[in-house]
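The values are calculated or read from the model by the stated rules, or taken from the named source; none is laboratory data. Not measured: the values here are computed from a predicted model. Heads up, the Cβs are rebuilt from the backbone with ideal geometry, glycines too, and the neighbour counts pull from every protein chain shown. The area values use the complete protein model at the heavy-atom level, side chains included, leaving out ligands, DNA and RNA. Shrake-Rupley method; radii C 1.70, N 1.55, O 1.52, S 1.80 Å.
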Amino acid sequence: MDHDHGGEDRISGSAVRTGVLSRRWRHLWAPLPELILGGFALDEPLPPPLAAFLDAVDGAPTLELLDISPPLGVDYGRAGGGIPAGRLDPWLRFASERVVGTILLVVPPPPDAAAGGEAAVLDLPACEGVTTFHLSLEGDWRLRPPPAGVFRALTVLRILSCRIEAGELAALVSTQCPCLMDLMLDIMLVNASDLSIRSDSLGSLSFSVRNTQRLEIVAPRLEKLSVSGTIPEARISAPKLAEVEWPHSFYNPQRHQFDDVGRRLRVLKLGLNASLMQRFDEVDELKLAMFIPQGIAAYQNFLNETNNLPRCKVLTVSSGWFYHGLVPGMLHLLRSCSSTRKVFLRDTSDYAMRQPCVPGCPCLFEESHRIDDISLNSLEEVEITSFTSYHGALEFLEQLSRCNAAILKKIVLKHKTISALPPTKEVCEKILGMWQPNIEVESYLFLDQDWVRLY
């Protein structure tokens with residue numbers, strides 16, 4: 001293929017328009033380890049049919065990477081309504097036959113999505129040589145896995161933004177991917193249905209599947225589980241489970257059962273479902289992303305759910321204290337943390353917008369501010385990051401400095417303020433004066449995408 005002629009051949013033109021980033025593009029008949037299609041010019045039409053490309057690379061043996069992404073910023077409603085499913089079939093057929101490594105495929109909306117029609121169907125062929133498959137579908141696509149065949153080498157699968165039948169999804173994960181180890185799902189079932197995931201190889205699962213009525217997971221090698229969304233019922237059998245993220249999903253111990261799961265975890269991350277902590281006795285790192293609604297009942301519920309924290313070496317609390325005091329809330333958590341070595345507090349409160357708590361709320365009671373019943377004999381380090389104002393952190397540090405923390409070695413303050421000024425020199429000196437000279441105190445300000453030390 002001669003590129004020195006005055007006329008531009010079809011493949012060269014396609015390379016320019018599709019932004020192919022491969023040094024081997026000029027030698028199509030040689031092996032192509034990587035092929036990246038993306039970055040179309042926004043003022044150009046879509047590239048020529050892929051059939052021309054397929055004809056040209058018919059002699060290429062295999063690919064280790066196939067990356068196809070649409071142009072950014074395209075209004076598909078004005079550009080003809082997106083890409084029809086028939087246009088994608090050759091891409092997937094080519095991938096199933098030639099790729100022996102990774103497929104990264106971002107699919108623009110189908111034409112019917114712009115017109116408000118029914119979901120377009122994308123038929124996924126079995127790709128026996130693919131090891132990693134990232135599939136992101138924009139708009140109203142329905143994904144249909146192959147009725148037969150296997151993804152024999154697939155170990156990593158991520159599917160985003162599409163609809164799929166529950167039975168087809170169960171078959172894909174449970175029987176057609178025998179070596180699957182890492183699965184991420186952020187999709188929706190076509191109809192509200194029960195879903196069963198059974199896998200002897202799965203080690204990590206990130207699950208956000210809307211329309212799931214009852215979830216069953218049987219995975220003897222599963223170590224990491226992240227669940228999002230509303231799931232009315234769940235049964236999880238995973239004897240090796242070590243990391244659990246249940247940040248946004250409602251948890252009910254009667255409806256969400258952990259069978260064959262031990263009482264100890266490496267990581268437990270929770271949101272508005274702190275009662276899940278009662279299921280475990282010991283956690284290396286406990287992460288609480290908390291928001292306590294306004295009112296006495298909401299704060300009392302927080303107290304009840306967090307009365308008995310599992311023993312943890314590291315406690316991370318991310319919260320916006322918009323209605324209740326940061327100090328009584330944190331002191332309540334620390335009462336159950338006698339074995340904790342490190343405490344990380346990420347305070348996202350906007351104190352300028354904060355509303356006073358209602359009279360009679362337990363957070364206002366004098367006993368909520370007591371420290372004589374708090375023993376922090378294992379605490380070695382405290383790190384506080386303030387995102388809007390340092391005032392809450394300052395108040396908490398004043399109380400913490402009076403607690404029994406005999407082996408405390410280090411205090412780190414980070415100010416990522418956007419709408420408030422950083423602490424003044426006088427405030428910094430006040431913080432330093434709270435602690436004994438043997439305790440190291442560091443303060444940082446986030447400037448120009450980096451942390452700059454203040455003192």
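Reported count of residues in segment 166-205, each being in contact with a helix residue (DSSP H, G or I) (Cβ under 9 Å, 6 or more places away or on another chain), open to solvent by 50 Å² or more (accessible area, probe 1.4 Å) and part of a loop (DSSP other than H, G, I, E, B), is 0. Looking at this structure, is A114 modelled with pLDDT under 80, of a type in the set (A, V, I, L, M, F, W, C), outside any helix (DSSP H, G or I) and open to solvent by 20 Å² or more (accessible area, probe 1.4 Å)? No. One residue stands out in segment 294-331 among those that are of a type in the set (S, T, Y) and closer than 12 Å to C361 by Cα: the one that is least open to solvent (accessible area, probe 1.4 Å), namely Y299.
Scanning segment 206-232 for residues that are open to solvent by less than 70 Å² (accessible area, probe 1.4 Å), touching a Leu at 6+ places or on another chain (Cβ under 9 Å) and in a strand (DSSP E or B) turns up S206, F207, S208, V209, N211, T212, L215, E216, I217, L225, S226, V227.
If you scan segment 265-318, which residues turn out to be part of a strand (DSSP E or B) and small (G, A, S)?
Let us first name the residues in segment 265-318 that are part of a strand (DSSP E or B), namely 265-270, 282-290, 311-318.
Selection gives A289, S318.
From (1) of a type outside the set (V, I, T); (2) open to solvent by 10 Å² or more (accessible area, probe 1.4 Å); (3) out of contact with any Cys (no Cβ under 7 Å at 6 or more places or on another chain), pick out the condition that doesn't hold for L288. Of the numbered conditions (1) of a type outside the set (V, I, T); (2) open to solvent by 10 Å² or more (accessible area, probe 1.4 Å); (3) out of contact with any Cys (no Cβ under 7 Å at 6 or more places or on another chain), the odd one out for L288 is (2).
Checked against the criteria, G320 counts as closer than 20 Å to V412 by Cα and at pLDDT below 85. Taken as a whole, segment 319-341 holds no residue that is touching a residue at least 24 places away in the same chain (Cβ under 8 Å), assigned to a strand (DSSP E or B) and of a type in the set (A, V, I, L, M, F, W, C).
Quick check on Y390: is it of a type in the set (F, W, Y) and touching a residue at least 60 places away in the same chain (Cβ under 8 Å)? Don't jump to the end; show me each part of the working.
Working: of a type in the set (F, W, Y): yes; touching a residue at least 60 places away in the same chain (Cβ under 8 Å): no.
No: the conditions fail for Y390.
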